[in-house]
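Single-structure report; data block below.
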Amino acid sequence: MNRKIMVLPAVAGLLAPLLAACGGTGGTGHSGAPVVVGATDQFVMTDDTPAPFDPALAYETSAWNILRNTFQSLMALPRSGGEPVPDAASQCRFTDSRSEQFRCTLRKGMKFANGHSLTSEDVKFSIDRTLRIKNPNGPSSLLSGIDTVETPSDTVVVFHLKKPDATFPHKLATPAAAIVDSEVYDGKSLREGFEIDGSGPYQVDIKEQNGRVQSAVFTRNPHYKGHLRVKNDQVEMRFMADGNALEKALRTGGIDLMTRLSPEQIARLEKGDDNIELTEMPSQEIRYLVFDTEGPSVGSKAVRQAIAQTIDRQAIVRDVYKRTVEPLYSLVPSSVSAHLNSFFNKYGEPDPASARRTLRDAGVTTPVKIKLNYTLDHYGPATAEEFEGIKEQLNDTGLFDVDVQGADWEKFRPAQSQGKYEVYGMGWFPDFPDADNFIAPFLVKENVLGSPYHNTLISDTLIPQTRQATQRTAAVEYFERIQNIVADDVPVLPVWQGKQYVAARDDVTGVEWALNSSSVLQLWELGRVR
């Protein structure tokens, strides 16, 4: 078995448009059987998620992986992340010096996969629709900075922003800004079910049973016009119960590729299989704990600080994840500009004695009773072991009386969004690779966590200052101040930053581009050796 480690330099994002235009190498072609990708994602129609693939509702990496391959936005991320490039648009730019007006021109002759014409009115309809529906679990917060959308012609769209926002092109590159067909989608309500009508590189046929997706077959969209070069005619995604089923299918040829491997699977695959290659790539995935800063147990800042002084990230990385992840001391991962090890700078190595002093000085009675909540099936089987490890670390100090409780994602997510958990674990796959996306979603007043934590200096002064900086290096000092405030207040506690692993059969090409640094699944890059 061969193991490849892909180290993507920072300049890779700048080179990506050229590489995409060239179409890559490796003997890819459109002949042969479809590439079959295995996944454990679960898409189920429920009262809380009646429309899993509606861009006005979908706001999870698993759903976005479907949307990014079937819908288009005006902008798109290049292969390895970095600065977005035009996709449905032929060109986009700010037309003022304050980053408050953004103008895009559509490519000529645009159509949806169903053959309907795509015009600037569809773009306006799509943006207005997501903002109007404003689903509490949806991505409307990414577009909330838009004041008005104008369409001076069928091919021109002009966005007027409420405040300067240099990150707006990144937001237009997310599925939050996916362009839907105004002839098919209702402007005021979600499109229930699994149907998709977009203009992206693929059209998709969803196979479902009892409201649960079994597979998705992606077929090349003959009407697609954009910056991507699609290297196959068809890709199938098959959804299985767990990672062990995926690994078995990969070894026996039932699937060709799988991602999100457990540490144990990585170790097994590294031992050797002549027909399978394992590729390691950088990732910006992060995991963290969230605290209800008004809760009965962790409403006290001293309790949250004591937890920050106690948790041993290195032990979790070593013992649970077998060093397939890295410890993280900030919401901003180390691979993103403006990262600062703010939690380590403030608390240093785990120190239960310091935690005891923190609680004693604040007059907190110990042991502090806490329940940690986590999802059983959304982030992989190691999550349960991770939370048992955190429980043991905290309880061993005698300062805490911790219990843990896991729930399936379809129950966990609604309970989390409704504020039913005082402490819980979450993961974040960035919407776009800028420090803003690791800060603003969690710390603005109406944040994605539904957290009551609100620091006006962060939300009203520092975040707006970061968004005025077209040259992102000029925003670093403001991001560093924010990270230091978060380390002091501890509304969230970063735990680790991921790496990405892809296991594929050796006749599959384009594996090194199967995921970009933001964990976007790029099906269009896959092919077979001719």
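Tabulated data
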read-out: Over region 354-422: Rg over Rh, Cα atoms, Kirkwood Rh; value: 1.06
read-out: Simple label model, 7 Å out from Cα along Cβ direction - D233 to K301, nm; value: 6.4
read-out: Cα centroid of region 313-383 to Cα centroid of region 82-113, whole Å; value: 41
read-out: Inter-label distance, nm, simple model (7 Å from Cα along the C-beta direction), D403/V444; value: 3.7
read-out: Relative contact order computed over the chain (Cα-Cα under 8 Å; 6+ residues apart), in percent; value: 22
read-out: E183-R132 FRET efficiency (beta carbon distance; Förster radius 22 Å; 0.05 resolution); value: 0.80
read-out: Length added when fully stretched, D96-S337, from 0.36 nm per residue minus Cα-Cα; value: 84.2 nm
read-out: Volume per residue that the Cα convex hull of region 246-316 spans, once the total is divided by residue count, Å³; value: 146
read-out: The chain: calculated mean residue ellipticity at 222 nm from DSSP helix runs of at least 4, using -39500 (n - 2.57); value: -7500 deg cm²/dmol
read-out: Contour minus Cα-Cα distance for K411 and L376 (0.36 nm per residue); value: 11.6 nm
read-out: Eligible lysines near K134 by straight Cα distance, threshold 24 Å, same-chain separation 8 or greater; value: K124, K162, K163, K171, K188, K411, K420, K445
read-out: Sites T456 and T148, calculated FRET efficiency, Cβ-Cβ separation with R0 30 Å, nearest 0.05; value: 0.65
read-out: Potential lengthening between D507 and A245 on full extension [0.36 nm per residue; Cα-Cα distance subtracted]; value: 92.2 nm
read-out: Solvent-accessible area per residue, Å², over the chain with all protein chains present [probe radius 1.4 Å]; value: 40
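The values are calculated or read from the model by the stated rules, or taken from the named source; none is laboratory data. As the structure is a computational prediction, the values presented were derived from the model and not from experiment. Methodologically, a virtual Cβ is constructed for each residue, glycine included, from the backbone with ideal geometry; neighbour enumeration extends over all protein chains shown. Side chains included, ligands, DNA and RNA excluded: accessible areas come from the protein's heavy atoms. Shrake-Rupley method; radii C 1.70, N 1.55, O 1.52, S 1.80 Å.
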